[in-house]
Amino acid sequence: MRLALGLVLMMLARTVFAAADGPAVVLDISGAIGPATADYFHRGMEEAKSTNAQFVVLRMDTPGGLDSAMRDMIKDILASPVPVVTFVEPAGARAASAGTYILYASHVAAMSPATNLGAATPISIGGTPAAPKPQEQPDGGENRGPPADGAESPKMTERDWMSDATRRKAVFDAAAYIRGLAQLRGRNAEWAEKAVREAVSLSAEEARRIGVIDIIASDTDDLMRKLDGREVRISDDLTATLHTQDIELVVIQPDWRNRFLATITSPSIAYILMLIGIYGLLLEFYNPGTFIPGIAGAISLLTALYAFQMLPINYVGVALILLGIALVIAELFVTSYGILGVGGAIAFIVGSVMLMDTDIPEFRLPWGLIAGVSVVSIGSALAIVGMAIKARGRRVVSGAEQMVGAEGEALEDLDATGWVRVHGENWKAVTKSPIRQGQKVQVTGIRGLELSVEAFEDPQNGGVDHG
């Protein structure tokens with residue numbers, strides 16, 4: 001008897017119910033899901049646990065986002081002892097692509113009328129993977145290798161098959177992932193796989209009818225009314241009953257750290273910071289001791305590298321950008337008749353296009369930015385080349401070389417040697433023809449501290465100036 005009572009008490013103890021007077025933490029996500037979104041969500045979940053919140057309401061309107069950020073958010077949901085209610089609102093909002101996975105992972109899935117979810121096919125740099133055709137799918141949905149010689153589909157080369165296999169691998173992985181989430185939460189797994197394989201979408205009403213979501217609510221207040229008394233299974237041995245009557249809603253806004261992270265992880269900002277860093281360090285190397293370009297460049301470059309390690313960048317693109325800058329700079333020092341400059345420009349533009357390894361529009365570099373930065377960078381290099389060419393044709397105005405061609409005055413009669421005054425200084429001079437005292441002279445050469453001079457020929461007077 002005591003043993004049976006003990007087992008009953010243990011089973012009851014393993015079922016935990018949330019505090020009736022706990023608040024609800026509200027997090028808002030609007031736009032593409034990226035590193036800043038995942039950081040904001042993680043910090044919000046930590047805040048919910050520290051304040052003993054009953055549950056977290058994730059109000060979401062997203063076209064999708066990065067796979068890494070999405071999986072970080074789902075890990076937080078699956079590991080959280082605090083239930084997560086994902087609510088797609090307002091009317092007209094969507095939970096596309098990554099948003100669909102998050103909706104499936106949540107303990108409670110809710111949507112407003114006139115919203116939709118779906119289109120969850122993974123996107124790679126080559127574009128949207130095509131859904132595998134029935135005749136191309138090996139038995140059992142497994143990749144078993146390229147078609148054997150003599151098979152019925154000889155049109156597909158081994159390279160084509162490998163490319164197709166790569167696309168299918170991404171699709172199969174995503175389909176298995178969302179099916180696991182659906183099975184965990186008891187939602188429609190068949191439609192989830194269809195959303196991945198065929199990129200289909202679903203309205204809120206249809207989603208509720210086929211068991212994809214749990215609740216349709218017009219707004220947050222309506223959602224609170226429909227959540228009251230609902231029992232949520234957090235894990236196999238942990239459940240919670242939600243009490244939402246007169247519940248306090250604590251809205252957590254992004255703090256300065258999250259706003260800063262959102263700014264620097266914008267691909268455009270990270271790209272500009274990288275270029276500022278590179279050019280700043282180059283200016284410091286060419287003009288040591290100025291400090292400001294070097295300090296600004298180092299800070300900008302390190303910030304860009306921090307952002308890039310959280311973004312899906314293509315390192316070949318980074319290498320091409322660096323190569324392009326190096327070739328454009330080499331044009332300043334090597335006479336290549338523009339070959340290095342043109343090659344650098346091509347490498348820079350191609351590297352900029354390849355830099356972001358994703359086809360998600362919000363995480364691609366705008367063509368206008370690439371064109372603008374390319375024109376400014378290449379134009380600046382060409383302007384420097386032009387100034388260097390002009391500088392070569394100018395007369396030397398300093399140093400010993402500037403003495404050649406300078407005008408002066410003979411301080412005494414010069415037969416072979418004597419003294420002259422040039423630029424207000426007395427110089428020992430040699431001449432091949434006699435020069436009288438006070439006569440104007442012109443320097444024809446310099447050897448150490450001795451000048452070679454000749455009588456100055458004034459073109460306006462048509463001959464030698466005799467003083």
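For segment 51-98, the set of residues classified as farther than 27 Å from D236 by Cβ, part of a loop (DSSP other than H, G, I, E, B) and touching a strand residue (DSSP E or B) at 6+ places or on another chain (Cβ under 9 Å) consists of P63, G64, L66, E89, P90, G92, A93, S97, listed by residue number.
Which residue is surrounded by the fewest Cβ atoms within 10 Å (Cβ to Cβ), if the candidates are limited to segment 358-374 and must be assigned to a helix (DSSP H, G or I) and either modelled with pLDDT under 85 or in contact with a helix residue (DSSP H, G or I) (Cβ under 6 Å, 6 or more places away or on another chain) (or both)? If we take residues in segment 358-374 being assigned to a helix (DSSP H, G or I) and either modelled with pLDDT under 85 or in contact with a helix residue (DSSP H, G or I) (Cβ under 6 Å, 6 or more places away or on another chain) (or both), then P361 is surrounded by the fewest Cβ atoms within 10 Å (Cβ to Cβ).
A quick yes/no check of all residues on (1) open to solvent by 10 Å² or more (accessible area, probe 1.4 Å); (2) out of contact with any His (no Cβ under 6 Å at 6 or more places or on another chain); (3) among the acidic types (D, E); (4) modelled with pLDDT under 95:
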position	(1), (2), (3), (4)
V16	yes, yes, no, yes
Y40	yes, yes, no, no
T51	yes, yes, no, yes
V56	no, yes, no, no
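Of A110, A69, A120, A105, all but one fail to be in contact with a Pro (Cβ under 9 Å, 6 or more places away or on another chain) and open to solvent by less than 50 Å² (accessible area, probe 1.4 Å); the exception is A69. Considered as a group, the residues in segment 343-357 that are within 15 Å of V318 (Cβ to Cβ) and among the β-branched types (V, I, T) include one that is least open to solvent (accessible area, probe 1.4 Å), and that residue is V353.
Taking segment 255-289 as the range and being open to solvent by less than 70 Å² (accessible area, probe 1.4 Å), among the polar types (S, T, N, Q) and not in a helix (DSSP H, G or I) as the test, the residues that pass are T265, S266. When E284, E362 are checked against the criterion of being of a type in the set (D, E, K, R) and farther than 30 Å from T62 by Cβ, E284 stands alone in meeting it.
Against the criterion of being within 30 Å of D72 (Cα to Cα), more than 14 Å from the chain's Cα centre (by Cα) and either assigned to a helix (DSSP H, G or I) or of a type in the set (A, V, I, L, M) (or both), A347 does not qualify.
The residues of segment 280-307 include none that are polar (S, T, N, Q), under 30 Å from N258 (Cβ atoms) and modelled with pLDDT under 90. Listed by first and then second residue, the pairs with beta-carbon distance under 6 Å, at least 6 apart or on different chains, first residue in segment 172-187 and part of a helix (DSSP H, G or I), second among the β-branched types (V, I, T), are A174/V196; A175/V196; I178/V196.
Considering (1) at pLDDT below 70; (2) of a type outside the set (S, T, N, Q); (3) within 25 Å of E89 (Cβ to Cβ), the lone condition that K226 does not fulfil carries the number (1). Here G408 passes the criteria (1) small (G, A, S); (2) in contact with a Leu (Cβ under 7 Å, 6 or more places away or on another chain); (3) modelled with pLDDT of 90 or more except the one numbered (2).
The values are calculated or read from the model by the stated rules, or taken from the named source; none is laboratory data. What you see is a predicted model, and the numbers here were worked out from it, not measured in a lab. Virtual Cβ from ideal backbone geometry, glycine too; neighbours counted across all protein chains shown. These area figures cover heavy atoms from the full protein model, side chains too; ligands, DNA and RNA do not enter into them. Shrake-Rupley method; radii C 1.70, N 1.55, O 1.52, S 1.80 Å.
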